[in-house]
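**Student:** Right, I'll just put the structure down here and ask away after.
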Amino acid sequence: MRVIASSIRKGNVIEQDGKLYVVVSAENIHPGKGTPVSQIEMRRISDGVKISERYKTTDQVEKATIEERNYTFLYEDGDGFHFMNPESYDQVQVSKDVVGDAAAYLQPDMTVKLSTHDVNVVSMALPQRVTLEVVETEPVTKGQTASSSYKPAVLSNGIRTAVPPHISVGTRIVVMTEDGSYSERAKD
């Protein structure tokens, strides 16, 4: 399926020169003078090599046919990450290259969206938010709760983030999986 370059987004799969690439980042650049362009950073699925391409926003790009399905995360071992289709109970193994940095956010029984092309898993999308526990942060200081400054914290998955001053060790918080930023205190 051919689409214009400006419509390509992160996670899309592009077919170029007979090889499949998953889009790592896509940015549309509109300079003051000249032609607007789409800067697309991609990872070749077959061997993990990253490349960066620049297209005119109106250029045609071949978007691969991808099937997206929800899967439940089961466990991780030396071979990779194991997921199960909740409808058919089929299990699928996903390599560490495909999961990448998202591995830190995976939790047992978490539902993720796996994109497949000819039975090969090419990309994984996490839920937008996950709930994690703060395991390390500075103590709460009296009178500092009204300020808008954030303090550093380490979460139960090892990720470092910044949290408001009123958050203490043991508090469960909701974190955005895209950038690891604090969203809100967990309601549970």
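**Student:** Restricting the calculation to Cα positions, tell me the Rg (one decimal) and the Dmax (whole number) of the chain in Å.
**Tutor:** Gyration radius and largest Cα-Cα distance of the chain: 20.0, 62 Å.
**Student:** Return the calculated 222 nm mean residue ellipticity for the chain, to the nearest 500 deg cm²/dmol, obtained by summing -39500 (n - 2.57) across DSSP H runs with n ≥ 4 and dividing by the residue count.
**Tutor:** Values: 1 runs with 4 residues, N = 188.
For the chain, the value works out to -500 deg cm²/dmol.
**Student:** Still on this structure: State to the nearest 20 debye the size of the charge dipole of the chain about its Cα centre, where the only charges are +1 on K and R beta carbons and -1 on D and E beta carbons. If you can, show how the numbers build up before the last one.
**Tutor:** Details: 21 positive and 26 negative charges, 174 e Å.
For the chain, the charge dipole is close to 840 debye.
**Student:** Go through region 3-50 and name the trypsin sites (Lys or Arg not before Pro) that are in a DSSP coil and have 12 or fewer other Cβ atoms within 10 Å of their Cβ. Before the final figure, lay out the partial values.
**Tutor:** Values: sites: ARG9, LYS10, LYS19, LYS33, ARG43, ARG44, LYS50; in loops: ARG9, LYS10, LYS33.
For trypsin sites (Lys or Arg not before Pro) across region 3-50 that sit outside H, G, I, E and B with at most 12 neighbouring Cβ atoms in 10 Å, the list reads ARG9, LYS33.
**Student:** If you take the Cα Rg of region 2-62 and divide it by 2.2 N^0.38 Å, with N the number of residues, what do you get?
**Tutor:** Numbers: Rg = 11.4 Å, N = 61, 2.2 N^0.38 = 10.5 Å.
Normalised Rg, Cα atoms only: 1.09.
**Student:** Within region 29-128, list the GluC sites (Glu not before Pro) lying in a DSSP loop whose Cβ has at most 10 other Cβ atoms in a 10 Å radius. It would help to have the intermediate numbers written out before the result.
**Tutor:** Working: sites: GLU41, GLU53, GLU62, GLU67, GLU68, GLU76, GLU87; in loops: GLU87.
Qualifying residues, ordered by number: GLU87.
**Student:** Leaving out ligands and nucleic acids, and using a 1.4 Å probe, what accessible area per residue does the chain come to in Å²? Before the final figure, lay out the partial values.
**Tutor:** Details: 11190 Å² over 188 residues.
Roughly 60 Å² per residue, with all protein chains present.
**Student:** Mind scanning LYS19/LYS56; LYS10/LYS151; LYS10/LYS96; LYS96/LYS151 and naming the pairs with a C-alpha gap bigger than 28 Å?
**Tutor:** Details: LYS19/LYS56 21 Å; LYS10/LYS151 30 Å; LYS10/LYS96 18 Å; LYS96/LYS151 32 Å.
In this structure, LYS10/LYS151; LYS96/LYS151 exceed 28 Å between Cα atoms.
**Student:** Let me ask you something else. Mind telling me which of GLN93, GLN60, GLN107 comes out most flexible in a GNM of the chain, alpha-carbon contacts under 10 Å?
**Tutor:** Between GLN93, GLN60, GLN107, it is GLN60 that shows the largest mean-square fluctuation.
**Student:** With the full set of protein chains in place, find how many percent of the accessible area of the chain is carbon and sulfur; take the probe as 1.4 Å. Provide the component values of the computation, followed by the final result.
**Tutor:** Numbers: 5170 of 11190 Å².
Reported share for carbon and sulfur atoms: 46 percent.
**Student:** Determine, at each q value in 0.22 (inverse angstroms), the log₁₀ of I(q)/I(0) that the Debye formula gives when each Cα of region 37-140 is one equal point scatterer.
**Tutor:** The computed values of log10 I(q)/I(0) come out as -1.22.
The values are calculated or read from the model by the stated rules, or taken from the named source; none is laboratory data. The structure presented is a predicted model; accordingly, all values stated were derived computationally and were not measured. Every residue, glycine as well, gets a Cβ built from its backbone with ideal geometry; the counts of neighbours run over all protein chains shown. Just the protein is used for accessible areas: all its heavy atoms, side chains included, with ligands, DNA and RNA removed. Shrake-Rupley method; radii C 1.70, N 1.55, O 1.52, S 1.80 Å.
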